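Right, one structure below, let's go through it.
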Amino acid sequence: MTTALKQFSEQTFSSLKVRNYRFYFIGQAFSHAGNWMQVVGLGWLVLQLTGSGAALGTVLAFRFMPMLLGGPFAGIIVDRFDKRRILYATQSGFAVVSLALGLLVYTDLIQVWMLYISAVTYGLIDVIDNPTRQTFVHEMVGPTNLRNAVTLNSTEANLARAIGPMIAGSLIVTVGIAFCFLVNAASFLALITAVVFINEKELHREACSEKPDWHLLESTSYAASVPVIRTVLIAMAVIGTLAYEFQVSLPLLAQTTFAGAAADYAALLSAMGAGSVAGGLFAASRVKVAPHEFVASAFLFGFSIFVTAIMPTLSLAIVGMVFVGFFSINLTSLGNTMIQLAAAPHMRGRIMSLWSMAMFGSTLIGGPIIGLIGQYIGPRWGLALGGVAAMGAAGYAARTLLQTDWVRTVSERVGMQTEEVEVERSSNL
């Protein structure tokens, strides 16, 4: 039993043996917690100012609009410049925006139009920051530990989803919403400090075998030419548009359906975070990247959302969100790892920009849709639509991924022999 537990622990936290990633992991812990505090504060602030689900969806659409429209351009920046310097700039920008919001709320000067402006500004920074952080993980740990590191990243973010909202709920009822933004502004300093301590000589930087063309449509044409990347991105675009709109559907579910308060919304988010932590520990202990697991995770993610939508009480809905979180992290960690491994080194930043577009930029479309459905038809219907969409995306992905030679796809795109990929994968099982 002791030997089995030791082996499980070593497999689950293998990427933390890498010094650079260890510093980065610690810095992100504070940043993620602050971010989820701001998510809760922002959602409740919009409902307080407007009482409108459509307005909440619109604010989120503004937040993710740059992600959808600027993804290809951002990918060029990520592939072209040093990622550490990019992170210094983006994290500092986030801190300034959050500080400004906190001060405006604290002084009672905040108005809805200011939230729209801050949302766009935040989105402009995030369109570069998100793919930078995704690809920087690959540079820190290399391809062997990539799935483990991606999963631990997601687990950490979702642990913050469990902790951050609880802290935010307490702050809102004690000292006010403004402190959700102010604490988030301070949290970015932790990640900036962590990046300072990263040793550049220990990074895994791959030589590019092809010279990039640096034109905007190159990433799209490249993604379309690789079946695995194309299928995963399309499936995640559908899921991102209609299923990952929890920042819209859950506040409405808590306030309208269950007549709850900010603490109830925080409880729903925290339950999803707790489930994601459990799912993340399970996923991090697995090193095999299997397309059929991606399909199964997408289907079970959608099914758990649908079941949560029809739960008769808040307590049962909270339980349902635990399962949503569990399958969510398996889905995103697998999809993220699959397309990074299938992408050539000189295209990785731009492919991850497309991933960000699919996952987050799609909120520009999905946020208002789910907000309108939640406001005029009912929050349950908006949540259920996301569940059905995810199950449909799983069916679509199954048609391609289950017939794809995954090893051959990776070997061709990364420039390795098929036998080398097989040996590397087998040695990690």
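When Rg is the radius of gyration of the Cα atoms in the range 60-158 and Rh is its Kirkwood radius, what does Rg/Rh come to? With Rg and the Kirkwood Rh in hand, the quotient comes to 1.05. Descending by average beta-carbon neighbour count within 10 Å, the peptides 34-42, 318-326 line up as 34-42, 318-326, the highest first.
In the context of the full set of protein chains, residues of the chain present 40 Å² of accessible surface per residue (probe radius 1.4 Å, heavy atoms only).
I need the shape label for the range 220-288. Rule: rounded when a/c is under 1.5, else prolate if a/b > b/c, else oblate, with a, b, c from the alpha carbon gyration tensor. Cα axes put the range 220-288 in the oblate bin.
Dividing the alpha-carbon radius of gyration of the range 326-381 by the rule-of-thumb value 2.2 N^0.38 Å gives 1.51. Taking the 1.4 Å solvent-accessible surface of the chain as the whole, the part contributed by carbon and sulfur is 66%. Placing unit charges on each Cβ (+1 for Lys and Arg, -1 for Asp and Glu) gives the range 1-133 a dipole about its Cα centre, and among Val40, Ile77, Phe25 the Cα reaching farthest toward its positive end belongs to Phe25. The distance separating the Cα centre of the range 226-281 from that of the range 17-54 comes to 14 Å. Please sort through the DSSP H helices of the chain and keep those with an alpha-carbon extent of at least 24 Å along the long axis and a Kyte-Doolittle average not below 0.5. Span-like helices in the chain: 53-80, 83-106, 112-141, 146-174, 178-196, 262-284, 291-309, 314-342, 379-401.
Considering only Leu103, Ala194, Leu159, the residue lying farthest towards the positive end of the dipole of the range 44-200 is Leu159, judged by Cα position with unit charges set on Cβ.
With the convex hull drawn over the C-alpha atoms of the chain, the volume per residue is 131 Å³. Could you tally the net charge around Leu354, taking each other residue with its Cβ under 13 Å from the Cβ of Leu354, Lys/Arg +1 and Asp/Glu -1? Net charge in that neighbourhood comes out at +1.
The values are calculated or read from the model by the stated rules, or taken from the named source; none is laboratory data. Bear in mind the structure is a predicted one, so any value in this text is a computation, not a measurement. Heads up, the Cβs are rebuilt from the backbone with ideal geometry, glycines too, and the neighbour counts pull from every protein chain shown. To get the accessible areas, we keep the full protein, side chains included, count just its heavy atoms, and leave off ligands, DNA and RNA. Shrake-Rupley method; radii C 1.70, N 1.55, O 1.52, S 1.80 Å.
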